[in-house]
Amino acid sequence: MSNQPTTHPGTPKGCERIVYAVGFEENSTYSDVYGGGGATVGLDCHLIRPATKPSDTLIVFMHPVGGGMYLPMVRGLARAGHHVLWANSRYRGSDFALVMEKVACDLGEAISDAKERLGYGKIVLAGWSGGGSLSMWYQALAEAEEGISDTAAGDPYMVDPARMPAADAIMMLAAHVSRHQIFTEWIDPSIHDESQPDVRDPALNLYDPVNPNQPPYSPDFLAMYAEAQVARNRRITAWVQDKLAQIRASDTPHREFGFTVHGTMADPRWLDPTIEPSDRVPGVCYLGDPKVVNDGPVGLARFCTLRSWLSQWSFDDARCDAEAAGTLISVPALVVGNTADDACTPSHTKRLFDGIGHDNKRLHIVQGATHYYTGPDGFIHLNQAIDAIDSFIIDNLGTT
């Protein structure tokens, strides 16, 4: 497999971008298209590094859905002298069939390849946004040296612990605690019948002007609302489990079933800035107008499969959780939060930091920074975050 440096407008001056694929064989009871067991998996990877500065240390990013090869943070770290790998999971660009256990396998294979073929000795896991919980969960699994034996849906899925090497340090960058927890904080509880998504309870519909509950929301309303969000998640899970049981009892037990989840961006925090006060702009979320996103095609979990729901979105069944995993890791940890983040709010930053069960951890807050380090001061905010990363890596690994 040849790696060819490329020049591209998205590659910082003085750096090279090497685009390559990591391929491996796996054997599971079903493939990602649910057409039977066995599959060849290919992960497209971007290695961005200074052209004339070798390093033994590699910063590794992976996001469950991927696509961050040109993020400001990724390019900025390379510009600052770091060797950076953005490895896409097999599910790049679409999460409707995504199984988190398989994503953890993908991350392990990307790290194994970087160590064995590219020769990097030290690995720093960088969990940006939804990659935060993935990185923390992966590190907990890797340190336990037990591998993976099944998925959240109960399907056998064997991952050799030898193919999941532990990192030497870990960073949570503008991250949230888990996909299933943040999704439940965003789901619209005004939908009581999934077969009639347009029929909504006005008393729980944040976007219905006749709703008597308006910002600033009362503590009683917020408590009732959060309870109703969890209840909706569990209703969907109960239906998923029943549907999957029917399939498994049939003559085609490895079949799948696709479904749509409406109303998935109804977090009161987007409309009420008194909840977790920060520098974020009221009335918007990281995807735009939350009222539009709530039912738009790009919402989280909009299109799902049964197994994917249980692994990604189920409040009670999904396993990839940074808070729980943080108690199990031993490596140095850095948590970077942004005060104008319109995706991962301050409570998630605090929960990530508090969840790390040792004292070799740092918290760095970038005042005014957005989720993507955009805006007129985005470059300044990005450099402040990178300065914190530089210090963290030098102090703990002795190298940039």
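The values are calculated or read from the model by the stated rules, or taken from the named source; none is laboratory data. Computed from a prediction, not measured in an experiment: that's the story for all the values here. Methodologically, a virtual Cβ is constructed for each residue, glycine included, from the backbone with ideal geometry; neighbour enumeration extends over all protein chains shown.
Taking Thr305, is it crowded, with 18+ Cβ neighbours inside 10 Å, hydroxyl-bearing (Ser, Thr, Tyr) and more than 29 Å from Ala152 (Cβ to Cβ)?
no
With respect to Gln312, is the statement that it is surrounded by fewer than 19 Cβ atoms within 10 Å (Cβ to Cβ), in contact (Cβ under 8 Å) with a residue 12 or more places away in the chain and of a type in the set (S, T, N, Q) true?
On the way: surrounded by fewer than 19 Cβ atoms within 10 Å (Cβ to Cβ): no; in contact (Cβ under 8 Å) with a residue 12 or more places away in the chain: yes; of a type in the set (S, T, N, Q): yes.
No; evaluated as a whole, the condition is false for this residue.
Could you check how many residues of region 135-166 are touching a strand residue (DSSP E or B) at 6+ places or on another chain (Cβ under 6 Å) and surrounded by 15 or more Cβ atoms within 10 Å (Cβ to Cβ)?
The number of residues fulfilling the criteria is 7.
Kindly indicate which of Ala238, Ala223, Ala231 is at pLDDT 95 or above, assigned to a helix (DSSP H, G or I), of a type in the set (Gly, Ala, Ser) and over 24 Å from Ser347 (Cβ atoms).
Only one candidate qualifies: Ala238.
Answer with yes or no whether Gly283 is buried (at least 17 other Cβ atoms within 10 Å of the Cβ), on the phi > 0 side of the Ramachandran plot and either in a loop (DSSP other than H, G, I, E, B) or outside the structural domain of Tyr372 (by TED's automatic domain parsing) (or both).
For Gly283, the condition - buried (at least 17 other Cβ atoms within 10 Å of the Cβ), on the phi > 0 side of the Ramachandran plot and either in a loop (DSSP other than H, G, I, E, B) or outside the structural domain of Tyr372 (by TED's automatic domain parsing) (or both) - is not met.
Does Gly355 qualify as being over 19 Å from the mean Cα position of the chain (by Cα) and either not charged (D, E, K, R) or not assigned by TED's automatic domain parsing to the domain that holds Arg280 (or both)? Let's see the steps before the verdict.
Numbers: over 19 Å from the mean Cα position of the chain (by Cα): no; either not charged (D, E, K, R) or not assigned by TED's automatic domain parsing to the domain that holds Arg280 (or both): yes.
Answer is no for this residue.
If a residue has to be within 19 Å of the chain's Cα centre (by Cα) and hydroxyl-bearing (Ser, Thr, Tyr) to count, how many in region 276-286 make the cut?
Of the residues in region 276-286, 1 are within 19 Å of the chain's Cα centre (by Cα) and hydroxyl-bearing (Ser, Thr, Tyr).
Take the residues in region 115-148 that are part of a loop (DSSP other than H, G, I, E, B) and acidic (Asp, Glu); name whichever of them is farthest from Val159 (Cα to Cα).
Only one residue tops the list, namely Glu145.
Condition first: within 21 Å of the chain's Cα centre (by Cα) and either within 19 Å of Met224 (Cα to Cα) or in a loop (DSSP other than H, G, I, E, B) (or both). Now tell me which residues in region 252-275 satisfy that.
Hits for region 252-275 are Val261, His262, Gly263, Thr264, Met265, Ala266, Asp267, Arg269, Trp270.
Enumerate the strands (runs of 3 or more DSSP E) found wholly within region 1-103, keeping only those where 2 or more residues are at pLDDT below 95 and surrounded by fewer than 22 Cβ atoms within 10 Å (Cβ to Cβ).
Qualifying strands (runs of 3 or more DSSP E): 4-6, 15-26, 39-50.
Condition first: in the same structural domain as Ala324 (by TED's automatic domain parsing), surrounded by fewer than 24 Cβ atoms within 10 Å (Cβ to Cβ), farther than 30 Å from Ile247 by Cβ and polar (S, T, N, Q). Can you find one or more residues in region 110-117 that meet it?
yes
Filter region 167-183 down to residues that are touching a strand residue (DSSP E or B) at 6+ places or on another chain (Cβ under 9 Å) and outside any strand (DSSP E or B), then give me how many there are.
So in region 167-183, the residues touching a strand residue (DSSP E or B) at 6+ places or on another chain (Cβ under 9 Å) come out as 167-175.
Imposing the further condition that a residue be outside any strand (DSSP E or B) reduces the set to 167-168, 174-175.
Result for region 167-183: 4.
Quick test for you: out of Thr237, Thr252, pick the one residue that is under 30 Å from Ala325 (Cα atoms) and outside the structural domain of Leu134 (by TED's automatic domain parsing).
Answer to the check: Thr237.
Residue check, Tyr217 against (1) over 27 Å from the mean Cα position of the chain (by Cα); (2) part of a loop (DSSP other than H, G, I, E, B); (3) more than 24 Å from Asp341 (Cβ to Cβ); (4) at pLDDT 95 or above, all met but one. Which one?
(3)
Just checking, does region 176-199 include any residue being under 23 Å from Val335 (Cβ atoms), of a type in the set (Phe, Trp, Tyr) and touching a residue at least 60 places away in the same chain (Cβ under 8 Å)? Full working, then the answer.
Taking region 176-199 and keeping what is under 23 Å from Val335 (Cβ atoms), we get 176-186.
Filter once more, so that each one left must be of a type in the set (Phe, Trp, Tyr): 183, 186.
If we keep only those that are touching a residue at least 60 places away in the same chain (Cβ under 8 Å) too, we end up with 183, 186.
Yes - at least one qualifying residue is present in region 176-199.
Could you pull out the residue among Asp289, Asp295 that is loosely packed, with under 15 Cβ neighbours inside 10 Å and charged (D, E, K, R)?
Asp289
Under the condition of being over 29 Å from Asp150 (Cα atoms) and assigned to a strand (DSSP E or B), which residue from region 287-336 is farthest from the chain's Cα centre (by Cα)?
Gly288
Is there any pair with a first residue in region 382-397 that is small (Gly, Ala, Ser) and a second that is at pLDDT below 95 whose Cβ atoms are under 8 Å apart and which are 6 or more apart or on different chains, and what are they?
Pairs that qualify, where the first residue is small (Gly, Ala, Ser) and the partner is at pLDDT below 95, are Ala385/Tyr373.
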